[in-house]
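Chemist: The following block contains the structure, expressed as structure tokens.
What follows is calculated from the coordinates using simple rules that are stated; it is not laboratory data. Just so we're clear, the structure is a prediction, and the values are computed from it rather than from any experiment. A quick note on method: Cβ atoms are made from the backbone with ideal geometry, for glycine too, and the neighbour counts reach across all protein chains shown.
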Amino acid sequence: MDKQDVYKAELTKLTELFTLVEPGKTKLVEGLIKDAAFLFAENYILRESINKTGMVKINPKHPGIQQPIVSAKEYRQNLSTYASIIKALNSVLQKNISDGDDEFDEYMKEMREKQ
């Protein structure tokens with residue numbers, strides 16, 4: 001799978017999660033959804049590279065001399081940012097769920113209508 005396919009799949013997944021959220025909130029987080037999908041796709045490619053190279057380059061003649069791989073540093077930074085975005089998006093989803101009527105709310109509504 002190439003980066004663009006990964007991006008599209010992640011964007012579709014995240015967008016579908018927000019179909020039940022009120023449109024104003026969805027519009028508000030639209031950029032975060034796109035950024036999350038972008039970072040997910042970027043990390044997909046970086047992860048493939050890291051699987052081949054490892055996260056640290058070790059000098060074969062002097063094993064104590066090690067250098068971090070640049071892609072590993074980028075991966076960790078992207079992962080941290082991605083996690084923050086997902087946490088923010090999840091917060092919006094959770095507020096939407098808690099704003100919805102549960103069985104007790106429905107019961108109370110019916111009781112008020114009967115009065």
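Chemist: Failed condition for SER80, given (1) in a helix (DSSP H, G or I); (2) farther than 19 Å from GLU10 by Cα, with all others met?
Modeler: Against the list (1) in a helix (DSSP H, G or I); (2) farther than 19 Å from GLU10 by Cα, SER80 comes up short only on (2).
Chemist: Scan the stretch 82-94 and give yes if some residue there is among the hydrophobic types (A, V, I, L, M, F, W, C) and in contact with a strand residue (DSSP E or B) (Cβ under 7 Å, 6 or more places away or on another chain), otherwise no.
Modeler: Quick first cut of the stretch 82-94, residues among the hydrophobic types (A, V, I, L, M, F, W, C) only: 83, 85-86, 88-89, 92-93.
Imposing the further condition that a residue be in contact with a strand residue (DSSP E or B) (Cβ under 7 Å, 6 or more places away or on another chain) reduces the set to none.
No: zero hits.
Chemist: Could I ask something else about it? Looking at the stretch 17-71, which of its residues are among the hydrophobic types (A, V, I, L, M, F, W, C), surrounded by 15 or more Cβ atoms within 10 Å (Cβ to Cβ) and more than 19 Å from the chain's Cα centre (by Cα)?
Modeler: ILE50, ILE69
Chemist: If I ask for residues that are assigned to a helix (DSSP H, G or I) and closer than 10 Å to LEU93 by Cβ, which ones from the stretch 15-33 would you list?
Modeler: Going through the stretch 15-33, the residues assigned to a helix (DSSP H, G or I) turn out to be 15-17, 23-28, 30-33.
Within the stretch 15-33, LEU17, LYS25 qualify.
Chemist: Are any residues in the stretch 36-69 outside any loop (DSSP other than H, G, I, E, B) and in contact with a helix residue (DSSP H, G or I) (Cβ under 6 Å, 6 or more places away or on another chain), and if so, which ones?
Modeler: Selection gives ALA36, ALA37, LEU39, PHE40, ALA41, GLU42, ASN43, TYR44, ILE45, LEU46, SER49, ILE50.
Chemist: Taking only pairs six or more apart or across chains, which ones have beta-carbon atoms under 6 Å, a first residue in the stretch 62-79 that is under 24 Å from ASP35 (Cα atoms), and a second residue that is assigned to a helix (DSSP H, G or I) and charged (D, E, K, R)?
Modeler: ASN78/GLU42
Chemist: Right, something else. Taking the stretch 82-96 as the region of interest, how many residues are out of contact with any helix residue (DSSP H, G or I) (no Cβ under 6 Å at 6 or more places or on another chain), surrounded by 15 or more Cβ atoms within 10 Å (Cβ to Cβ) and not aliphatic (A, V, I, L, M)?
Modeler: Total meeting the criteria: 1.
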